[in-house]
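Read through the structure below, which is laid out as structure tokens, and then see the notes.
Each value in this text was obtained by applying a stated rule to the coordinates, not by laboratory testing. The structure displayed is predicted, hence computed values, not measured ones. Positions of Cβ are backbone-derived with ideal geometry, glycine not excepted, and every protein chain shown enters the neighbour counts.
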Amino acid sequence: MTWEILISLLAATVQSGTPILYATLGEIFTERSGILNLGVEGIMLVGALAGFLGAKFTGSPILGFVLGGVFGLGLAGLHGLVCIGFNGNQVVSGLALTILGTGLANYLGTPFIGQSAPGFSPMPAPILSRIPILGEIFFHHDLLIYLSYLIPPLMWLFFRYTRWGLGLRAAGEHPEAAAAAGLNIYRFRWAGVLTGGFLAGLGGAYLSLAYTHLWTSGLTAGRGWIAVALVIFAFWHPLRAVLGAYLFGGVMAFQFRLQALGADLPSSLLLMLPYGLTIIVLVLSSWRGRGDQAPAFLGINVEPSE
Amino acid sequence: MNLPAPPLVRLEEISKSFGRVRANSDITLDIRAGKIKALLGENGAGKSTLMSILAGRLQPDAGKILVEGEATRFPSAREAIQAGIGMVYQHFMLVDAMTVTENVFLGQEGGFWLRPRKMARRVSELARRYGLDIDPFARVSELSMGEKQRVEILKLLLRQSRVLIFDEPTAVLTLTETEQLFEAMKQMAGQGKAIVFISHKLPEVMSVADDIAILRNGAVVDTLEAGAVTSRADLARRMVGREVVLQVDKGTSEIGPHVLTVRGLETGALQGIDLEVRQGEILGVVGVAGNGQKPLVQTICGLTPPGRGEVEILNRPWKDFFARYPSDDTLSYIPEERISLATCPGLNLVDNFLLTTRSDFSRGPWLMGKRARGRARELIRDFNVQPSNVDALARHLSGGNLQKMVLGREFFRNPKLIVAEQPTQGLDIAATEEVWRHLLEARKRAGILLVTGDLAEALALSDRIAVMFGGRIMDVFPASDTRKVDRIGLMMAGITA
């Protein structure tokens, strides 16, 4: 009995960790290029609404999902324009983006509160789903979760084994050296910001299309901020991001179960769990003294040379 | 009869100003394939500016760049690199968090995928061919200055650059490393590359250059073939425009009590270091960069804790000393990194003065601004810092002036132990002379640990010399022991006497 509960809990862990995983991977990609984007929360919410409306009006969840990403990319483009185009302050611009995105999504989404749209449903993966235990945990999900399995290793390969990945990291670590080597760092930073926004938008769209299947205001509930924190937990490494995202997914799934079981604890306290964990995780990861693994020029604009 | 080939690169009437300062005025210069061209001049003569223009990092206000007779513009480094012009910068352009191989291949054209092992082999091959010893998988952040420079050179070698510009390349090298570099430069010239060697060190220019162009105040004042140089003094006169004699009288000083004792110090990179410094003497620590000098200095100056062994500063154990670090009358550190470790580039000279010297200039939580300004102004005058304006930002000072300001600040605290790391690196003759004089003056009151890659400097200043190799002290001996002094080169290579 407890065995089954554990497996279903772990499967739920994967599901609730996936939107955070998309957003965390996006932010890792952005930060590796040297741009700090604190607008993830806003981007996710806009992505969620865009995905929801796209699916609702076209009837195609896949189109909706892509649309979520595209709107995320567009919003991130605003951040790129401010920070790369006009050398604006990255922190301020990111915070403004969160406020803008949250406000925009809540305002435009109000008429649709409580409505549902066609979304993604679980479809067990052929063969893989029959693996005992692991199959049940990882391969009884929807398409978007399978897609999310591919991104971390691909991103890792990109950073480590491709020329563009090398250039992108150099733009975040020492843009002047990259420029001296003849690279166009602005192009790499743009690529970092836009790709990151696209992934965060996908994470948002996952929420409305596969996680809840309906629109409510404040759907992301701080997941964007958790993603920003998880980047530090992951030491800017895409594979470690999986661990972090599922850890948080697990805590979220766990507190839901606990509430459903009617645990004798105030529900607001339970709801706080993931955010409390964020603080603990951040303290622990800086305490281990590995905070210095951040890209050296993270958050610092590069002035065009004369 | 054949006509002389057109120069590979010709700079024609190049001018460049920064605000009201004319860094280059109407400079014309030919750079020929297969030749080593030396640009000789003091700091601020405009050598680096001129070469930054050639490398596409700066745009000239006027003038032309001709590559093989054709007028070319380099809007950025990328175009210059494509035209085969590469530069080894004085301040390295390396990504610390990446490996040697990744840095060498950064920005290289090629396929989408990287092949780390194949790339590393390529780096090793190049390194071996030119005698540049390097581990292709090492992270740049773990390398010494000398090793970092080899990475910079490898970058150019891999790019098959036709013109290689070296901006003060020997400033960070030891004697052996310098010889290796010159060997590599000659080999590259032999293979038809044009080498430009920016320097203010006369013996080096004389030993390696084919042609010499002398810059003074932003203009070429002389061009001559190396064969036409009659003597070092002649060259010096042309460069400075007046007679210079680079010699210091060490004099003698009273030897006092121990100020530093290190016994059996072991950390990751150090393998049992024993040394002592007494008041009134200069102990010169020499060695090839990367043989443990940096960790030794960092431990003595409290930046990293000692692993095993004992470090006693002014007769107090390391832990005790740095737990309650009294700011005056004790330890002064003059680091190699003038701009990032010794000073804050964006603060003015008064604030930089107060960085390490606060005790006399504060009351409760308040800084006594006027008093500090007054003191800073006196120091700037005493140590001949230019511009003599306390409101100037540290980053606007040249290397030599910044170093004098750091010396002034540190000596004001009346230290008993001074750790000076590469104190004259990158400085011109006049500034070097001043720094040496100040160090010898300070010796009367303090013990000095002088860590330097410049053997001439160590011999000119030290009372005793310690040679480091592989995290050990090979030998310690008086600088007057000529037999041992002759063997320093061998000891630096790890060969015991």
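Condition first: under 25 Å from B:Glu125 (Cα atoms), in a strand (DSSP E or B), of a type in the set (Ser, Thr, Tyr) and within 14 Å of another protein chain (Cβ to nearest Cβ). Can you find one or more residues in the range B:98-105 that meet it? Before you say what the answer is, go through the steps one by one.
Taking the range B:98-105 first, the residues under 25 Å from B:Glu125 (Cα atoms) are B:98-105.
Among the residues that remain, those that are also in a strand (DSSP E or B) are: B:99.
Subsequent filtering for residues that are of a type in the set (Ser, Thr, Tyr) retains B:99.
Narrowing further to those that are within 14 Å of another protein chain (Cβ to nearest Cβ): B:99.
For the range B:98-105, residues under 25 Å from B:Glu125 (Cα atoms), in a strand (DSSP E or B), of a type in the set (Ser, Thr, Tyr) and within 14 Å of another protein chain (Cβ to nearest Cβ): present.
Within the range B:426-453, residues that are under 19 Å from B:Gln279 (Cβ atoms) reach partners that are buried (at least 24 other Cβ atoms within 10 Å of the Cβ) and polar (S, T, N, Q) with beta carbons closer than 6 Å, at six or more positions or on different chains, in the pairs B:Val451/B:Gln293. Just one of (1) among the small types (Gly, Ala, Ser); (2) farther than 24 Å from A:Ala125 by Cβ; (3) away from chain B (no Cβ under 14 Å) fails for A:Ala205. It is (2). Within the range B:348-379, being aliphatic (A, V, I, L, M) and more than 23 Å from the chain's Cα centre (by Cα) holds for B:Val350, B:Leu354, B:Leu355, B:Leu367, B:Met368, B:Ala372, B:Ala376, B:Leu379. Could you please find all residues in the range A:117-140 being crowded, with 18+ Cβ neighbours inside 10 Å and closer than 13 Å to A:Ile7 by Cβ? Scanning the range A:117-140 gives A:Ile137, A:Phe138, A:Phe139, A:His140. Report, by residue number, each residue of the range B:71-97 that is aliphatic (A, V, I, L, M) and more than 7 Å from every other protein chain (Cβ to nearest Cβ). The answer is B:Ala71, B:Ala80, B:Ala83, B:Ile85, B:Met87, B:Val88. Pairing residues of the range A:160-183 that are at the interface with chain B (Cβ under 7 Å from one of its Cβ atoms) and under 16 Å from B:Tyr89 (Cβ atoms) with residues that are of a type outside the set (Gly, Ala, Ser) and part of a helix (DSSP H, G or I), at Cβ distances under 7 Å and at least 6 apart in sequence or on separate chains, gives A:Ala178/A:Ile185; A:Ala179/A:Ile185; A:Gly182/B:Arg78; A:Gly182/B:Ile81.
Taking the criterion of being in a helix (DSSP H, G or I) and either closer than 17 Å to A:Leu6 by Cα or of a type in the set (Lys, Arg) (or both), the residues of the range A:254-272 that qualify are A:Phe254, A:Gln255, A:Phe256, A:Arg257, A:Leu258, A:Gln259, A:Ala260.
For the range A:110-131, indicate whether the set of residues that are of a type in the set (Lys, Arg), assigned to a helix (DSSP H, G or I) and under 23 Å from B:Gly111 (Cα atoms) is non-empty. Within the range A:110-131 (the criterion being of a type in the set (Lys, Arg), assigned to a helix (DSSP H, G or I) and under 23 Å from B:Gly111 (Cα atoms)), the answer is no, since none of the residues qualifies. If the condition is being without any contact (Cβ under 8 Å) to a residue 60 or more places away in the chain, more than 12 Å from chain A (Cβ to nearest Cβ) and in contact with a helix residue (DSSP H, G or I) (Cβ under 9 Å, 6 or more places away or on another chain), then the range B:125-148 contributes B:Leu126, B:Ala127, B:Arg129, B:Tyr130, B:Gly131, B:Leu132, B:Asp133, B:Ile134, B:Asp135, B:Pro136, B:Phe137, B:Ala138. For A:Ile226, the test of being surrounded by 15 or more Cβ atoms within 10 Å (Cβ to Cβ) and either closer than 18 Å to A:Leu38 by Cβ or away from every other protein chain (no Cβ under 14 Å) (or both) is passed.
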